[in-house]
1. Mind counting the residues in the range 106-146 that are under 20 Å from E159 (Cβ atoms) and of a type in the set (A, V, I, L, M)?
2. Name the single residue that is surrounded by the most Cβ atoms within 10 Å (Cβ to Cβ) among those in the range 120-137 being touching a strand residue (DSSP E or B) at 6+ places or on another chain (Cβ under 9 Å) and outside any loop (DSSP other than H, G, I, E, B).
3. Looking at the range 141-159, which of its residues are closer than 17 Å to M173 by Cα and surrounded by fewer than 15 Cβ atoms within 10 Å (Cβ to Cβ)?
Amino acid sequence: MARYTGAECRQCRREGAKLFLKGERCYSDKCAFARRSTVPGQHGPNQARKKTSEYGLQLRAKQKAKKYYGVLESQFAKYFDMGNRQAGMSGENLLRILESRLDNVVYRAGYAMSRKEARQLVLHRHFTVNGQIVNIPSYLLKAGDVIAVRDTDNGKLKECVEKNASRPVPVWMSKNAEHMSVTVDRMPERSEIDLEVEEHLIVELYSK
């Protein structure tokens, strides 16, 4: 499967926002974006002086969302089609679908320092959904699903949970610290998704 293999911090600098791709490093003073937020490349500092076209704004909105959740172009297009067929606003539906991915919920619950690490943990069969082992990071959860850690004595996961103790759990899910599980109570509202992207630009891009 195709996957970006370059420097993760370059992606944050390119999108002009922290995408939290490097886990613990993103929360420290070592964050490359915090130290140097200009666009990467030889002419990066000059990019800010250029006027961005309407298409460019739409493309950057889509690219930021893709990189934030770590999905491929074909996956992203599929999620947009799903959201477009659902009732309501297509852009908000798209973000709800992305938030309902298993790897994202594992990250949001504090069991991983980044979505990339969450994908790896899911692939290695560290989690169950409603008592069944699921090793598909893109598995879409629904309200009422319970995600639990298979081995509650796993040292790495315990360490990660301790490091993320101060990170708030989204209001649309409830976490059981004793049993190392989290329940998806409902799908999130747009105001509860902390992604700084104008989703209407994504809709405009795909509507052309």
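Read-outs: derived from the displayed coordinates by stated rules, not from any lab. Note that the coordinates shown come from a computational prediction; the quantities given were computed from them, not determined experimentally. Using ideal geometry, Cβ is built from the backbone for each residue, glycine included, and neighbour counts are taken over all protein chains shown.
1. Of the residues in the range 106-146, the ones under 20 Å from E159 (Cβ atoms) are 106-127.
From the residues that got through so far, the ones that are of a type in the set (A, V, I, L, M) too are 106, 109, 112-113, 118, 121-123.
Residues flagged as under 20 Å from E159 (Cβ atoms) and of a type in the set (A, V, I, L, M) within the range 106-146 amount to 8.
2. Per the criteria, the residue is F127.
3. Let us first name the residues in the range 141-159 that are closer than 17 Å to M173 by Cα, namely 141-149.
Of everything in the range 141-159, those that are closer than 17 Å to M173 by Cα and surrounded by fewer than 15 Cβ atoms within 10 Å (Cβ to Cβ) turn out to be K142, A143, G144.
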